[in-house]
Amino acid sequence: MNIKEKNYYFGYDEFKKNIPIDVADIENVLTLQDRHDLNHNWSFLRMNHDYIELIDQYYARLGKSFSIFFIFSPIIFLLFSILYIDVFYISFLIFVIVFFCFYPIFKYDKGRPICRPIIFNRNTQKVYFYINGQEYLEKHWLDVTYALGTSQGLGGMPIYELRAHIIEDGILKDTFLIGFPKIGNGASLGLWSFICHYMQHGMDELKPHPHPMYGTIDPLKQLTFCQRMVGSKESIQDTWRSFRCVYFNNPLPSYFAFPFDLCNLIARRIFLRIKPLPVWHSDVVKANEMDKIREEEITYRDNYEFKEFEIKDK
């Protein structure tokens, strides 16, 4: 069953709401019995004994739509200088590019923070979905229908994403997207298994610890990287690392995406300065004791240094 309202490139997919739906009609529904290789999928903000906080796909794709403007504008100006195209035509082309870049931003993105995070609380077995500073959705985490979905990435290439469907009395109320989308399905499935493992067994096996025989750290099965979501205070290096980290141990896509990611870096930096940070409702902060100091908590301060084929201790 197609539950998308419309498909847009680079993260502006809109899902239908308040429509009748049967769970059996949803493709690739995920269950606790599913077993996949654990993968944090570069999607965590923090992990402690009480809860985990993850980014949504919107933060993962932040700036992607606007980056098109920086990709095509130099090409048009180059063609103009080489072919001496009439000023009228070049102006028209620039107008078209600006329209298609900014239209989805103003229609679907206006007023949104840079991220709509998700919290899974192991103690209460609750999940919290951020909507805005005044609204949030609280559910028992097993009352949510999770599924592996597909969307469109660079050039229309299909990518896989972890979806959370809110279904009440046979009505689809809302859909949330958790973590980074990827070309292969392994990372999103691994993220689902990572969440399940935490909710069932806690963080002990998920925090970085050396292999008993080889003394090595598993860079994906253990939480070796957290996003540093600080908005305009974020350094250029942190911005670059926040989305380029997904190419770890996969250099070919990294080289191919490099020029596009440079444009995305510019667009992302702009959004980080003009868009607000998400602020959880005080009830959520209280319910999860988010102000509590936890010595075991893993955040960006504990990140390992990642390169193409290796990691270095923090």
Residues (under 16 Å from the mean Cα position of the chain (by Cα), surrounded by fewer than 20 Cβ atoms within 10 Å (Cβ to Cβ) and not aliphatic (A, V, I, L, M)) located in segment 115-152: R116, T150, Q152
Residue in segment 232-239 that is assigned to a loop (DSSP other than H, G, I, E, B), within 20 Å of K64 (Cα to Cα) and free of Cβ contacts under 8 Å to residues at least 60 places away in the same chain present: yes
Matching entry among I293, I298, I266 (being more than 19 Å from I131 (Cα to Cα), surrounded by 14 or more Cβ atoms within 10 Å (Cβ to Cβ) and either at pLDDT 95 or above or more than 24 Å from the chain's Cα centre (by Cα) (or both)): I298
Test result for E161, under 21 Å from D37 (Cα atoms), among the acidic types (D, E) and either in a helix (DSSP H, G or I) or under 19 Å from the mean Cα position of the chain (by Cα) (or both): yes
Residue ID - nearest to T124 (Cα to Cα), chosen from residues in segment 250-290 that are among the acidic types (D, E) and part of a helix (DSSP H, G or I): D283
Neighbours by Cβ (under 8 Å, 6+ apart or cross-chain): first from segment 169-183, within 8 Å of A60 (Cβ to Cβ); second of a type in the set (D, E): G179/D56; G179/E161; P181/E161
Options L272, L252, L265; residue that is out of contact with any helix residue (DSSP H, G or I) (no Cβ under 8 Å at 6 or more places or on another chain) and at negative phi: L252
Residue within segment 207-220 that is part of a helix (DSSP H, G or I) and under 25 Å from K126 (Cα atoms) present: no
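This table checks each residue for (1) surrounded by 15 or more Cβ atoms within 10 Å (Cβ to Cβ); (2) at pLDDT 90 or above; (3) of a type in the set (V, I, T); (4) assigned to a loop (DSSP other than H, G, I, E, B).
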residue	(1), (2), (3), (4)
M1	no, no, no, yes
E5	no, no, no, no
F10	yes, no, no, yes
L32	no, yes, no, yes
R35	no, no, no, yes
L38	yes, yes, no, yes
Residue within segment 206-223 that is within 28 Å of R301 (Cβ to Cβ), touching a residue at least 24 places away in the same chain (Cβ under 8 Å), within 15 Å of the chain's Cα centre (by Cα) and crowded, with 17+ Cβ neighbours inside 10 Å present: no
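The values are calculated or read from the model by the stated rules, or taken from the named source; none is laboratory data. What you are looking at is a predicted structure, and each value in this text was computed from that prediction instead of being measured. Note that each Cβ is placed from the backbone with ideal geometry, even for glycine, and that neighbours are counted across all protein chains shown.
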